[in-house]
Amino acid sequence: DGYSHLSAYERKRLKNITENAKFFAALKLHEVSARLNQIATKRQSHVTKRRKPKKVEDETARRRSMRLLRVEPLDIPLLESPARPGAEEYPQVPVGPLPMVPEDQAENSKWTEALLSTWMRISELKADDADRGTPDIKRYQESLSSMVLSEENIRKVVKTRVCSMAIHPSESTILVAAGDKWGHVGLWNVSCRSEEGAHIFIPHSFQVSCMHFSPCNPAHLLSLSSDTLRCGDVTRAVFDEICRSEENFSSFDFLEDNASTSIVGHWDGGVAVVDRRTPGMSSELSADTGFRRIRTVHVHPVNKQYFLAAGSVDVCVFDVRYLKAKGNKPLSSLTGHTKSVASAYFSPVTGSRVVTVCADDKLRIFNSKKVQVLLTFKKQSNKIKTHENSQPKPGWAIWDPKQEHCFVVGSMAQPRQIQVFQDTGKLLHSFCNVDCLSSVCSINVVHPSQNILVGGNSSGRLHVF
């Protein structure tokens with residue numbers, strides 16, 4: 001029959017095509033019948049060539065950046081940017097200072113005023129620095145066991161996924177700030193224990209990826225989105241703009257204890273030095289690290305000239321004093337990561353350890369030799385296999401600022417929990433509550449002096465142990 005070399009499936013397919021062609025011929029659909037007969041009688045070739053699309057003379061030209069082409073803008077309206085998927089209609093945040101006015105001011109102005117007054121009052125109090133030594137592990141474990149989660153300490157503070165958090169250092173009042181993927185910043189006075197204790201502000205147009213209270217003046221809350229670094233000053237009730245750029249910011253950290261200068265990481269692998277004392281909104285220096293991307297930057301707690309950058313598979317230590325536009329060489333490289341690195345942080349007291357979270361399902365702890373002289377890091381001393389912590393989103397392992405040897409990380413294990421590890425790889429404690437905690441807390445923050453842990457989830461909810 002000429003088709004014996006075909007498989008049974010192909011012969012059956014040709015038979016079906018032939019029968020369909022006869023059916024359409026009986027309906028006198030001549031054009032369709034002729035086409036199907038042609039398909040049925042034509043032997044299929046082994047290689048099918050895709051027909052080239054016809055040229056369209058009036059095809060719309062691809063849009064290119066006029067800024068990169070160094071062309072002056074034309075007097076034609078720009079296309080509107082598409083709305084954020086699933087987002088409500090929020091206007092773009094304007095350039096420059098913004099009043100510290102919450103989204104719901106009209107309804108709860110007196111409660112907002114009370115929240116900001118509390119923030120201002122607790123920022124004037126100096127924390128007691130007595131007995132701030134690192135406790136021994138046994139005492140530390142006992143303090144962890146005493147921390148609990150109750151329903152009144154759970155609140156939806158922002159509307160979408162929590163991307164960053166900061167906790168005020170006050171020892172009298174628990175004040176937590178959370179940033180979400182829509183550019184919102186939520187402030188929650190946990191100690192208020194009232195429905196009116198939380199309010200949402202909108203200082204950014206894009207995801208708030210990093211937040212810190214100023215270490216020298218906690219009346220200032222600095223927050224970073226992809227296009228701008230802002231400082232929320234509660235004494236003036238304004239969100240000042242410190243730096244604005246098209247470089248797509250990812251994270252930042254303070255280079256000095258007075259928080260006047262910062263190192264800012266870019267998603268494209270660059271870093272910038274920003275000085276708040278300099279007029280204008282541009283950075284002092286931009287440098288290429290050679291990374292494909294940078295997710296987190298972190299400054300050494302003792303030697304402030306050193307900072308840690310974590311990217312795709314790169315984790316390196318750089319000296320900010322020797323940064324230049326191109327050709328920067330790291331002081332040290334922390335190797336062994338095989339996939340994307342979500343975060344890398346120095347230990348809080350001496351900086352002699354680094355903990356990293358990688359998408360290869362491992363937490364790694366690196367130890368340094370003569371950290372105050374050379375910052376030369378050993379190969380990873382511990383790799384903690386964590387199936388439950390695979391693919392952080394963007395899960396960070398953070399050191400407890402009160403304990404040089406222990407860090408905290410969210411877990412996907414059931415029941416949902418937040419885990420505390422020792423730098424030896426030993427699991428010290430798991431924070432969980434079957435009734436109150438049923439989601440993964442990817443972003444966590446620990447109080448610098450009190451036994452307080454806050455975990456944020458993908459729905460904008462905060463859990464305070």
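The values are calculated or read from the model by the stated rules, or taken from the named source; none is laboratory data. Note that the structure is predicted; figures quoted are calculated from it, not measured. Cβ placement follows ideal geometry from the backbone for every residue including glycine, while neighbour counts extend to all protein chains displayed. Only protein heavy atoms, including side chains, enter the accessible area calculation; ligands, DNA and RNA are left aside. Shrake-Rupley method; radii C 1.70, N 1.55, O 1.52, S 1.80 Å.
Over region 242-283, what is the mean sequence separation of C-alpha contacts under 8 Å (at least six apart), divided by residue count, expressed as relative contact order in percent? Write out the running numbers ahead of the final one.
On the way: 69 pairs, mean separation 16.0, N = 42.
Across region 242-283, relative contact order equals 38 percent.
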Practice problem: For region 258-314, just run the numbers: alpha carbon Rg, then divide by 2.2 N^0.38 Å, N being how many residues it has. | Solution: 1.15
Quiz item: GLU152 versus ARG277, label points 7 Å from Cα toward the beta carbon: distance in nm?
Solution: 4.6 nm
Quiz item: At a probe radius of 1.4 Å, what is the per-residue accessible area of PHE213, in Å² to the nearest 10?
Solution: 20 Å²
Quiz item: Quick one: how many Å² of TRP111 are accessible to a 1.4 Å probe, rounded to 10?
Solution: 100 Å²
Exercise. Quote to one decimal, in nm, the extra length available between GLU171 and LYS329 on full extension: 0.36 nm per residue of separation minus the C-alpha distance between them.
Key: 52.7 nm
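Taking all protein chains in place and a 1.4 Å probe, what share, in percent, of the accessible surface of region 262-343 do carbon and sulfur account for?
Working: 1750 of 3510 Å².
Taking all protein chains in place, region 262-343 shows 50 percent carbon and sulfur surface.
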Quiz item: Quick one: ranking HIS212, HIS204, HIS220 by accessible area, 1.4 Å probe, largest first, what do you get?
Solution: HIS212, HIS220, HIS204
Exercise. Pop a pseudo-label 7 angstrom from the Cα along the beta-carbon direction at both ASP136 and ASP288 and give the gap in nm to one decimal.
Key: 5.4 nm
Quiz item: GLN92 label point, 7 Å along Cα→Cβ, cut-off 16 Å on backbone N: hits in region 148-190?
Solution: 183
Practice problem: Step through the residues of region 239-244 one at a time and calculate ³J(HN,Hα) from phi using the Karplus curve (6.51 cos²θ - 1.76 cosθ + 1.60, θ = phi - 60°), rounding each to whole Hz and writing x for Gly and Pro. | Solution: 9, 6, 9, 8, 8, 9
Quiz prompt | For SER250, residues with placed amide H under 5 Å, excluding near neighbours | solution = GLY265, HIS266, TRP267
Quiz item: Gain in length, ASN16 to ASN217, computed as 0.36 nm per residue apart minus the alpha-carbon separation, to one decimal in nm?
Solution: 64.4 nm
Practice problem: Determine the shape class of region 215-351: with a ≥ b ≥ c the square roots of the Cα gyration tensor eigenvalues, call it rounded for a/c under 1.5, and otherwise prolate if a/b is greater than b/c, oblate otherwise. | Solution: prolate
Exercise. Give me the compactness ratio for region 185-253, meaning the Cα radius of gyration over 2.2 N^0.38 Å.
Key: 1.17
Quiz item: What is the gain in length, in nm to one decimal, between LYS159 and GLN38 on full extension, counting 0.36 nm per residue of separation less the C-alpha to C-alpha distance?
Solution: 37.6 nm
Practice problem: For region 454-465, take each phi angle, set θ = phi - 60°, evaluate the Karplus expression 6.51 cos²θ - 1.76 cosθ + 1.60, and give the result in whole Hz per residue in order, putting x for glycine and proline. | Solution: 10, x, x, 10, 7, 9, x, 9, 10, 10, 10, 8
Exercise. Could you please put ARG155, ARG121 in sequence from largest to smallest accessible area, using a 1.4 Å probe?
Key: ARG121, ARG155
Quiz item: Could you give the radius of gyration (one decimal) and Dmax (whole number) of the Cα atoms in region 99-219, in Å?
Solution: 15.9, 50
Exercise. Apply the Karplus parameterisation 6.51 cos²θ - 1.76 cosθ + 1.60, with θ equal to phi minus 60°, to every residue of region 400-409 and state each ³J(HN,Hα) to the nearest whole Hz, in sequence, with x for glycine and proline.
Key: 6, x, 8, 9, 5, 10, 9, 9, 10, 8
